[in-house]
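J.: This is the structure I have questions about; it appears just below.
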Amino acid sequence: DAGVIQSPRHEVTEMGQEVTLRCKPISGHNSLFWYRQTMMRGLELLIYFNNNVPIDDSGMPEDRFSAKMPNASFSTLKIQPSEPRDSAVYFCASSLGDRAPSNQPQHFGDGTRLSIL
Amino acid sequence: AQSVSQHNHHVILSEAASLELGCNYSYGGTVNLFWYVQYPGQHLQLLLKYFSGDPLVKGIKGFEAEFIKSKFSFNLRKPSVQWSDTAEYFCAVKGGYSTLTFGKGTMLLVSP
């Protein structure tokens, strides 16, 4: 079975550039989560969607970050403009659940390792 | 607000040694508890979960965890570790209608 698919796996870009991270959740999962992982702060929830609707974006660090889920099989996390402190591994996860947030286990993608120079 | 505390940032063991990783949480109501593992360069994978019932939970790869409600703890154990268990381990808690909160992780290094 295909798991959560993220692209790209690695992204290196200069500060000020726009970065777009992509995620395809597991088919049938109706909750989708974006996390950021750094050595200093560990794993932080940025935003999550339920049935394509953003439910809680309180973890989004600032207005430079935005996320969309135009349909049940695709989500993007965009950073514009990017800064060196945005360097981290960004994970997407999905889960089943009729209500948000579900207590069903989350399935993680392989992550995008982002480096902003 | 809920929170999770993992006692050790790094643990180094020899193969065949026993493992116990500490996890304490703070939340006043009913919780769901999880342990995830992240092998080097890979994504997080679920090891085991506790929702209700028997507080001793068996997971994959010989791991188990015990929920002790009075101590707000959910420690992970394995009687005999292998080199392949080298990974980072995350405890996570979900209370009520809140989202999942992860601990900072414990890096386990098993030397052959």
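J.: Can you pull out the residues in the stretch B:86-112 that are among the β-branched types (Val, Ile, Thr) and free of Cβ contacts under 8 Å to residues at least 40 places away in the same chain?
T.: Step one: of the stretch B:86-112, the residues among the β-branched types (Val, Ile, Thr) are B:86, B:93, B:99, B:101, B:106, B:110.
If the condition is that a residue be among the β-branched types (Val, Ile, Thr) and free of Cβ contacts under 8 Å to residues at least 40 places away in the same chain, then B:Thr99 is the only one that fits.
J.: Still on this structure, please answer the following. If the Cβ limit is 6 Å and pairs must be 6+ apart or interchain, which residue in the stretch B:23-35 that is on the phi < 0 side of the Ramachandran plot and assigned to a strand (DSSP E or B) pairs with which residue that is basic (Lys, Arg) and crowded, with 18+ Cβ neighbours inside 10 Å?
T.: Qualifying pairs under 6 Å: B:Asn32/B:Lys94; B:Phe34/B:Lys49.
J.: Next up: Using the structure shown, decide if B:Gln38 is touching an Asp or Glu at 6+ places or on another chain (Cβ under 7 Å), within 14 Å of chain A (Cβ to nearest Cβ) and under 30 Å from A:Asp56 (Cα atoms).
T.: Details: touching an Asp or Glu at 6+ places or on another chain (Cβ under 7 Å): yes; within 14 Å of chain A (Cβ to nearest Cβ): yes; under 30 Å from A:Asp56 (Cα atoms): yes.
Spelling it out, B:Gln38 is indeed touching an Asp or Glu at 6+ places or on another chain (Cβ under 7 Å), within 14 Å of chain A (Cβ to nearest Cβ) and under 30 Å from A:Asp56 (Cα atoms).
J.: I've got another one for you. Looking at the stretch A:34-55 only, could you name the residues that are touching a Pro at 6+ places or on another chain (Cβ under 8 Å) and polar (S, T, N, Q)?
T.: Scanning the stretch A:34-55 gives A:Asn50, A:Asn52.
J.: So which pairs qualify, if the first residue must be in the stretch A:55-69 and within 14 Å of chain B (Cβ to nearest Cβ), the second must be part of a loop (DSSP other than H, G, I, E, B) and among the hydrophobic types (A, V, I, L, M, F, W, C), the Cβ gap must be under 7 Å, and the two must be at least 6 apart or on different chains?
T.: What qualifies is A:Ile55/A:Ala100.
For (1) modelled with pLDDT of 95 or more; (2) open to solvent by 40 Å² or more (accessible area, probe 1.4 Å), each residue gets a yes or a no:
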residue	(1), (2)
B:Asn8	no, yes
B:Ala16	yes, yes
B:Leu21	yes, no
B:Thr30	no, yes
B:Tyr39	no, no
B:Gln42	no, yes
B:Phe51	no, yes
B:Ala92	no, no
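J.: Need a quick list: strands (runs of 3 or more DSSP E) entirely within the stretch B:36-112 having at least 3 residues that are under 18 Å from A:Gln106 (Cα atoms). Talk me through it step by step, then tell me what you get.
T.: Details: elements: B:44-50, B:56-58, B:64-68, B:73-78, B:87-95, B:106-111.
Answer list for the stretch B:36-112: B:44-50, B:87-95.
J.: Any residue in the stretch B:60-85 that's in contact (Cβ under 8 Å) with a residue 24 or more places away in the chain and of a type outside the set (A, V, I, L, M): show its pairings with residues that are assigned to a helix (DSSP H, G or I) and open to solvent by less than 30 Å² (accessible area, probe 1.4 Å) at Cβ separation under 8 Å, as long as the two are six or more apart or on different chains.
T.: From residues that are in contact (Cβ under 8 Å) with a residue 24 or more places away in the chain and of a type outside the set (A, V, I, L, M), the pairs are B:Lys61/B:Asp85; B:Lys78/B:Asp85.
The values are calculated or read from the model by the stated rules, or taken from the named source; none is laboratory data. Here the structure is a predicted model, which is why all the values come from computation and not from measurement. FYI the Cβ positions are ideal-geometry reconstructions off the backbone, even for glycines, and counts take in every protein chain you see. Surface areas here come from the heavy atoms of the whole protein model, side chains and all, with no ligands, DNA or RNA. Shrake-Rupley method; radii C 1.70, N 1.55, O 1.52, S 1.80 Å.
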